[in-house]
Amino acid sequence: MIMYNYDNEVKYWVWLSSLSKIPVSKLNSLINLFETPYNIYFAEESSLRKLPSFTETMLQQLMDKKLKDEANKHLENLYKNKIGIVTIKDELYPYYLKNIYDPPIVLYYKGKLMKNENAIAFVGARKATSYGMQVAENLSYEAAMRGFTVVSGMARGIDTYAHKGALKAQGRTIAVLGCGLDIIYPKENMELMENIINNGAVISEYLPGTAPIKLNFPARNRIISGISLGIVVVEAAAGSGSLITATHALEQGREVFAVPGNIDRVNSEGTNMLIKEGAKLVMGINDILEELSIYNSETKTIKASHFEDQSRFKGLDNEERKIVECLAREPMYIENLAQTLGFSIKYINPILTMLELKGVIEQIPGKIYRIKK
C-alpha cells in the first residue's frame, strides 16, 4: 500500500485549489505574487482588493471563511481515500506540465509519480471501432516497450485500450481524470483503474467528490497533452474532445500525430482532417519516435508481441495462413473476411472455429475476428 505524506502547507494548497470561481491562470498569478498559499490564506482584504483584474466574485471566494474552514474536510477526504497531492512548487510535479500557459496548481494522485519521465499521450473516440481499439493497444504497447509512459484519460474506447496496451507491456501508464479520484468513471473501468494505480498513477486537478461533469473534460485534456512530449489521436469524429486535446497540444508546442482511417467513417473525419492540416501520419511506432528524435530507446525484454512471434503460426494450412495474414492487418467481420479472401461464409466458418481452438484468433463482440492477444 502506498503511503502519502501531508505537510503543514498542504491545507492551504487544498483550500486554494477548491476556489472553483477563480481561473487557474489567476491562481498561478496569486502564487507568483504571494509566494505561498499560506500567505494568500492570511492576506488582508486591503491587499487582496489591490489585485488587478480580479472580479468581486473572485475576491469573495478568496475571503470566504466558510471555504477556508472546509479545507480541513477536504484534507480528511484525502486521508480517507489515500490520495496524494503534489503542488506546482514540488520537484515531483511533471516538468512539461509546469511550463504550459495554465498549469494546475496541484495534482491529486493515486499511485506513484516519477520525475522527468518521457510520456506519449494516446486519445480518441469513446465509441471506437475494433480497428481503432487494436491500433491504440498496439501503439501504446510498443511505446511502453520502449520505455515511454503512456498517458490517456481512462474513458471508454481508445483511452481504455491505450492503458491496456501499456499494462500488457508491463510499462508505466498515467490516467488523467475529469473528476475526483474517489469516483471511478466509467464504472466498468474499476479493475483497470486499480491496475493503472499499481503500474503508474491516476491523477486529477479536482478534489475528491468532484463529479465527472462535461465542463471538466476540456480542462482535463490540457493536462493530458501538457504532461506529454506528443499526442497520438487514434480515432476522432469532427468536433470531438480528442481534437480539443490536439488543439491544446499545438498551443503547448507539443507534437501531434494522427492515425489515418477510412474516408467514409465518422471516426476518421477528425484524424484525417488533422493529417490534412499538418499532423504527422502514423502507421507505426517508428513514425512517432522519428518525429520526437528518439531513436535509441531501450526496448524491454519481455515476450514479443503476437505480430513478432511467428511460432504460433507454424503448422497452419494454406487457407488458415491466408486468414491469419488478413487478420494480422486489421480485425474483420466474417462477411468482410470472406469477401476479401474470395471464400463463402459457409466455407470459412469451420476454418475460423479451428483457428480459435488452436488459440491463434479470437472473436470479439459483434462477430469480429482478430489475432488473439
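Within the range 143-167, the set of residues being surrounded by fewer than 24 Cβ atoms within 10 Å (Cβ to Cβ), at pLDDT below 95 and not in a loop (DSSP other than H, G, I, E, B) comprises just one member, 145. Considering the range 96-112, and only residues there that are crowded, with 20+ Cβ neighbours inside 10 Å and not β-branched (Val, Ile, Thr), the residue that is nearest to residue 260 (Cα to Cα) turns out to be 97. Quick one: in the range 321-340, which of the residues that are part of a helix (DSSP H, G or I) and acidic (Asp, Glu) is surrounded by the most Cβ atoms within 10 Å (Cβ to Cβ)? Out of the qualifying residues, it is 325. Residues that are assigned by TED's automatic domain parsing to the domain that holds residue 159, touching a Phe, Trp or Tyr at 6+ places or on another chain (Cβ under 6 Å) and surrounded by fewer than 19 Cβ atoms within 10 Å (Cβ to Cβ) are absent from the range 214-228. Among the residues of the range 211-220, are any more than 15 Å from the chain's Cα centre (by Cα) and of a type in the set (S, T, N, Q)? Checked the range 211-220: no residue is more than 15 Å from the chain's Cα centre (by Cα) and of a type in the set (S, T, N, Q). The residues of the range 170-200 that are crowded, with 24+ Cβ neighbours inside 10 Å and among the hydrophobic types (A, V, I, L, M, F, W, C), listed by number, are 174, 175, 176, 177, 181, 196.
Count, please, the residues in the range 113-133 that happen to be more than 17 Å from residue 252 (Cα to Cα) and surrounded by 15 or more Cβ atoms within 10 Å (Cβ to Cβ). So the answer is 11. Of all helices (runs of 4 or more DSSP H) completely enclosed by the range 1-95, which ones contain at least 2 residues that are without any contact (Cβ under 8 Å) to a residue 24 or more places away in the chain and surrounded by 12 or more Cβ atoms within 10 Å (Cβ to Cβ)? Answer list for the range 1-95: 24-34, 45-48, 56-63.
The values are calculated or read from the model by the stated rules, or taken from the named source; none is laboratory data. Quick caveat, the model's predicted, so the values are computed rather than measured. Because the Cβ atoms are built from the backbone with ideal geometry, glycine has one as well, and the counts that use them run over all protein chains shown.
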